[in-house]
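Comments concern the structure below.
The values are calculated or read from the model by the stated rules, or taken from the named source; none is laboratory data. From a predicted model like this one, the values you see are computed outputs, not experimental measurements. Here the Cβ positions follow ideal geometry from the backbone for every residue, glycine too, while neighbour counts run over all protein chains shown. For the accessible areas, the whole protein counts, side chains as well, though only heavy atoms, and no ligand, DNA or RNA atoms are used. Shrake-Rupley method; radii C 1.70, N 1.55, O 1.52, S 1.80 Å.
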Amino acid sequence: MRIVAQRVINSSVEVEDKVVGSIGKGLMILVSFTYGDDFDTIDYMVNKILNLRIFDDENKVMNLSVKDIQGSILSISQFTLYADTKKGNRPSYINALKSEEAVKLYNAFNEKLSQFIRVETGIFGSEMKVSLVNDGPVTIIIEK
């Protein structure tokens with residue numbers, strides 16, 4: 001499982017010119033799955049995302065989590081995070097989990113996150129337009 005987490009002031013996602021998810025301060029995360037990912041992987045990543053200390057405290061030190069600031073998460077599925085660009089110029093996506101399996105893990109991941117924090121999502125497998133104002137910028141890659 002691979003996640004790109006961006007600290008944002010706000011973020012939204014559109015599908016067919018309609019906003020389907022929107023948050024204020026928090027994290028916009030791009031989420032991808034590969035072979036071997038399971039519910040233990042999800043538990044690990046949920047814990048990591050919720051407790052990642054990348055928000056400033058009163059001393060301008062990154063010492064607070066998204067939970068600490070009572071932020072939200074916009075979760076976007078993105079199989080292209082597993083692009084392999086070693087050969088040629090056309091990326092291979094052979095390492096990305098097939099969509100029938102990935103959607104189950106993606107839904108379980110978002111449901112688990114939702115137990116602890118407000119989560120908005122895009123629509124799995126759709127063409128999406130994601131907008132964000134990156135705060136910092138702070139962008140972290142997390143992998144398990």
>> Given R₀ = 25 Å, what would the calculated FRET efficiency be for Ser22 paired with Asn63, taking r from the Cβ atoms and rounding to 0.05?
In response: 0.40
>> Of Thr85, Met62, Ile123, which is farthest towards the positive pole of the range 55-144's charge dipole, taken about the Cα centre with +1 and -1 on the beta-carbons of Lys, Arg and Asp, Glu respectively?
In response: Thr85
> Which whole-angstrom value gives the distance between the alpha carbon centres of the range 9-54 and the range 78-144?
Replying inline: 7
>> Could you report the accessible area of Thr34 in Å², rounded to 10, computed with a 1.4 Å probe on the protein chains as they sit in the structure?
In response: 30
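Given the pairs Lys18/Lys60; Lys18/Lys98; Lys67/Lys104; Lys25/Lys87; Lys48/Lys86, which span a C-alpha to C-alpha distance of over 32 angstrom in this model? Please report the intermediate quantities before stating the final value.
Values: Lys18/Lys60 36 Å; Lys18/Lys98 27 Å; Lys67/Lys104 25 Å; Lys25/Lys87 39 Å; Lys48/Lys86 29 Å.
From Lys18/Lys60; Lys18/Lys98; Lys67/Lys104; Lys25/Lys87; Lys48/Lys86, over 32 Å: Lys18/Lys60; Lys25/Lys87.
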>> How large is the accessible surface of Ser131 in square angstrom, using a 1.4 angstrom probe and rounding to the nearest 10?
In response: 60
> Which value in nm describes the separation of the simple spin-label points at Gln70 and Lys98, placed 7 Å from the Cα toward the beta carbon?
Replying inline: 4.6
> Given that just one value was derived from the coordinates, which of (1) 27, 16, 14; (2) 32, 16, 15; (3) 24, 17, 16 is semi-axes √(5λ) of the Cα gyration tensor in Å?
Replying inline: (3)
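What value, in deg cm²/dmol to 500, does the helix sum -39500 (n - 2.57) over DSSP H runs of n ≥ 4 give at 222 nm once divided by the residues of the chain?
Working: 2 runs with 29 residues, N = 144.
It comes out at -6500 deg cm²/dmol, rounded to the nearest 500.
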> Taking GluC sites (Glu not before Pro) as exposed when DSSP calls them loop (any state but H, G, I, E, B) and at most 15 other Cβ atoms lie within 10 Å, what is the longest stretch of the chain free of them, the sites themselves excluded?
Replying inline: 59-126
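Tell me the trypsin sites (Lys or Arg not before Pro) within the range 29-62 that lie in a loop according to DSSP and have at most 16 other beta-carbon atoms within 10 Å. Before the final figure, lay out the partial values.
Details: sites: Lys48, Arg53, Lys60; in loops: Arg53, Lys60.
Answer in residue order: Arg53, Lys60.
Treat every Asp and Glu Cβ in the range 1-109 as -1 and every Lys and Arg Cβ as +1, leave all other atoms uncharged, and give the resulting dipole magnitude about the Cα centre to the nearest 20 debye. Working shown, then result.
Details: 13 positive and 14 negative charges, 74 e Å.
With Lys and Arg at +1 and Asp and Glu at -1, about 360 debye.
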> Stretch Asn107-Lys86 to full length: gain in nm at 0.36 nm per residue minus the Cα-Cα span?
Replying inline: 4.5 nm
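Would you mind working out the magnitude of the charge dipole of the range 46-144 relative to its Cα centre, with +1 at each Lys and Arg C-beta and -1 at each Asp and Glu C-beta, to the nearest 20 Debye? Spell out each step's value before the answer.
Details: 13 positive and 12 negative charges, 76 e Å.
Approximately 360 debye in magnitude.
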>> Nearest 10 degrees is fine. How inclined is helix 99-114 to the longest principal axis of the chain, computing both from alpha carbons?
In response: 10
> Which order do Met62, Met45 take when ranked by solvent-accessible area (1.4 Å probe, heavy atoms of all protein chains), largest first?
Replying inline: Met62, Met45
